[in-house]
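Here, each number is a calculation from the coordinates, and none is a lab measurement. None of these values were measured; they are calculated from a predicted model. In this analysis, Cβ positions are derived from the backbone assuming ideal geometry, glycine residues included, and neighbour counts consider all displayed protein chains.
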Amino acid sequence: MLYANVDTDAIIPSREMKSGAKTGLADGLFAGWRYTQIGGREPNPRFVLNRPEYRGVRILLAGENFGCGSSREHAVWALREYGFRAVIAPSFSPIFYNNCVRNGIAPIRLAEPIVRELAEKVAANPQEHKVTIDLDAQEVVAHDGERRRFEIDAHLKEMLLSGLDEIDLTLTKRPEIDAFLASDRARRPWIYLET
Amino acid sequence: MSSSAAPRTLFDKIWSDHVVAELGGDTSLIAIDRVLLHERTGAIALRELDRVGRPIADPARVFCTMDHIVETRSGRGDATRVPGGEALIRETRARATSAKIRLFDIGAPEQGIVHVISPELGIVLPGATLVCPDSHTCTQGALGAFAWGIGTTEAEHALATGTLRVRKPKTMRVTFDGELDRGVSAKDLSLALISAHGSAGGNGYVVEFAGSAVRALDVEGRLTLCNMATEFSAVTALIAPDEKIFEYLRGRTFAPRDELWDRALGHWRTLHSDDGVQFDREIAVRTDRFAPMITWGTSPQHAVPVTGRVPRQEDSGATREAYERAIEYMGIEPGAPMSSMMIDGAFIGSCTNSRITDLRRAAAILRGRRIAEGVKAICVPGSSAVKRQAEAEGLDRIFRDAGFEWRESGCSMCFFAGGESFGERQRVVSSTNRNFESRQGPNTRTHIASPETVAASAIAGRIADVRSMVS
Ligand code: SF4
């Protein structure tokens, strides 16, 4: 799916977010493109994910600025529920990128020609040509063994690998938070409001 | 020179004021001064915190409004045409009340679109950090705050800890210098920028808007300019606060008063980028020859002057695939003049352009005129306060007499959540921010523009140049 600027309205249209919950979203993933009619459920055979050779895929190869638009985390929840564990794209929208990391989807940045080349290799023979990701080594591995290194913030990599609860992690910093609040209250008292 | 005297950007100053701890890499634990929620995404965050039994760190600094899925026809209650919406509204109310956070409910005088009411109530302040699970939170950077949109999981983190783990972004300065022609406003500045540099042009950056054309904008124009930063894929945008901002904030409900006001003002006056400071990237733009802008395609970067034509693929900045898709979706021909396009709908509203000055400018065009036969035109004020003010000035009469519907405040048809929409393949000129496929309803065709361009187009029945209608 190499078009640029695929937005979160396209990943999951608002009308598909019925429950207001984090689950039950996979059916609505790419609904506008995946089904023949808006609101319908008849698969559009031309849409890439409906092709039998891509059943069970876990890595999405995407275009520039993937996930732009609305901040809805539903886009990431829907991708995850559908089965995706990684998205490889030349760039991501910043909010979408953060949402991925917090939901166990690895957002991997590779240069546009490399993503295109990977996609072409896969398309030539989807059954055989599988892409894997070695998050620890920070490498994307093509079926022919070619390895492409990607950069990811050490902190985010750790979060993806460990699956730690971020809130718990931050609450171990309670002494620092309390110290900050005490000095900040003296410095910027107007920030603090009464209930 | 010691390092503490090294010149700093506005963003650097706000950032270092909020660092609680360094977390390694470029990531810091950043204190969050304000958290805003709305019923669409905020309810999920509150539900999740309730589920795991985590309290909100400081409820006094959390605010919630009802804007996204509420009905905007008059006489509204909790009922909404959005499927499942009423339950979400009730749940938000119950959870916000039990969490003891301030709620601006349906019918409350403060109710309105989150990014409209926050400046209006003095919730966002210069130098503050503010987050909201909503991508247009960047709007509020116009007051000199570091305000940005986050996801629901991050919102839970901000609520529970009063902090966020943030990777320090790069900085970009966009300088707009020059005069603005009559009929050209902040919306046109942003569309011109995004069409020139692409909707990914700001990716990874915090953008500071500067220059004489930005300083000349009123506070509401600055909010419009910053609002569109997310369509530029920027982390957020901000503008150094000046006397216009301070005057705007004085006396607002949650702004500091008396001795605290004086102390705050002392601090706020230090909030600007120092002379000679280096940004990671600079863009300079001359504004003198700007025309009103309008989008032709399905990305905010697909924008041209209203006097222009649909570009050919080679000149469009879009790949062949994206271009063909956009042309087909919009039902337009390469090379067609924008002014040849007949419209079915006109919408004035949204956190981009629904403040009192927006309505005044649109009303100045509509006064004594009628919209074209067959055009469905709707005006949705950005907040209940804007609506009251407009009615006090008699603007509602001008809108109604011209043939516009006059609504209660909310997000309304800025986006489609299964409720109300313009019809399939209807062509709509809209003062909103996103012209994505089906954003305003299944297969609607959205052209985004300033409110005055929307008003002029509604009268003409086709895309029109507002400059032909200003006296
Ligand atoms: S008005 Fe539109 S863009 Fe703004 S917050 Fe509401 S839905 Fe989002």
Check: So which trypsin sites (Lys or Arg not before Pro) in the range B:389-471 pass both tests, a DSSP loop state and at most 14 other Cβ atoms within 10 Å of the Cβ?
Finding: B:R425
Notebook entry, point to check: Per 10 Å bin from zero, what fraction in whole % of the C-alpha pairs of chain A is there, up to the bin with the longest pair?
Noted result: 8, 30, 31, 17, 8, 4, 0
Item checked: Convex hull per residue volume in Å³, alpha carbons only, for the range B:1-70 -> 150
Notebook entry, point to check: Given H placed on each backbone N at 1.01 Å, which residues far from B:F104 in sequence or on other chains put an amide H within less than 5 Å of it?
Noted result: B:C64, B:T65, B:M66
Next item on the list: For chain B, take the alpha-carbon Rg, divide it by the Kirkwood Rh, and send me Rg/Rh.
Entry: 0.96
Margin query: Counting only helical runs of four or more DSSP H residues, what would the 222 nm mean residue ellipticity of chain B come to if each run contributes -39,500 (n - 2.57) and the total is spread over all its residues?
Written below: -9000 deg cm²/dmol
Margin query: Loop-only trypsin sites (Lys or Arg not before Pro) in the range A:109-149, please: DSSP not H, G, I, E or B, and at most 11 other Cβ atoms within 10 Å.
Written below: none
Notebook entry, point to check: What is the distance in Å between the Cα centres of the range B:283-356 and the range B:167-193?
Noted result: 17
Next item on the list: Percent of Cα-Cα pairs per 5 Å bin, from 0 to the last occupied bin, for the range B:297-466, please list those.
Entry: 1, 10, 19, 22, 20, 14, 8, 4, 2, 0, 0
Item checked: Gyration tensor (alpha-carbon) shape descriptor, the range B:21-171, a/c threshold 1.5 -> prolate
Next item on the list: Compute the signed sum of charges (Lys and Arg +1, Asp and Glu -1) over the other residues within less than 12 Å, Cβ to Cβ, of B:Y323.
Entry: -2
Next item on the list: Mind running the shape call on the protein assembly as shown? Use the C-alpha gyration tensor, a ≥ b ≥ c as the square roots of the eigenvalues: rounded below 1.5 for a/c, prolate if a/b tops b/c, oblate otherwise.
Entry: rounded
Check: Where Lys and Arg each count +1 and Asp and Glu each count -1, what net charge lies around B:G441 among other residues with Cβ under 11 Å from its Cβ?
Finding: +1
Next item on the list: Pop a pseudo-label 7 angstrom from the Cα along the beta-carbon direction at both B:R325 and B:T307 and give the gap in nm to one decimal.
Entry: 3.3
Notebook entry, point to check: Which FRET efficiency, nearest 0.05, do B:D275 and B:A196 yield, Cβ-Cβ r, R0 25 Å?
Noted result: 0.40
Item checked: Centroid-to-centroid separation of the range A:19-72 and the range B:10-51 [C-alpha atoms, Å] -> 30
Notebook entry, point to check: With a ≥ b ≥ c the root eigenvalues of the C-alpha gyration tensor of the range A:16-73, is it rounded (a/c under 1.5), prolate (a/b larger than b/c) or oblate?
Noted result: oblate
Notebook entry, point to check: What residues qualify as long-range amide H neighbours of B:A336, i.e. H under 5 Å apart, gap of 5 or more or another chain, H built at 1.01 Å from N?
Noted result: B:V310
Checklist line | Among A:G39, A:N65, A:N98 the positive-end extreme of the charge dipole of chain A (Cβ point charges) | finding: A:G39
Next item on the list: Could you work out the relative contact order of chain A, using alpha carbon pairs under 8 angstrom and six or more residues apart, expressed as a whole percent?
Entry: 16
Check: Which whole-number percent is the relative contact order of the range B:215-271 (Cα, under 8 Å, 6+ apart)?
Finding: 29
Notebook entry, point to check: Say each of A:T172 and A:I38 gets a label point 7 Å from the Cα, pointing the same way as Cα to Cβ; how far apart are those two points in nm?
Noted result: 4.9
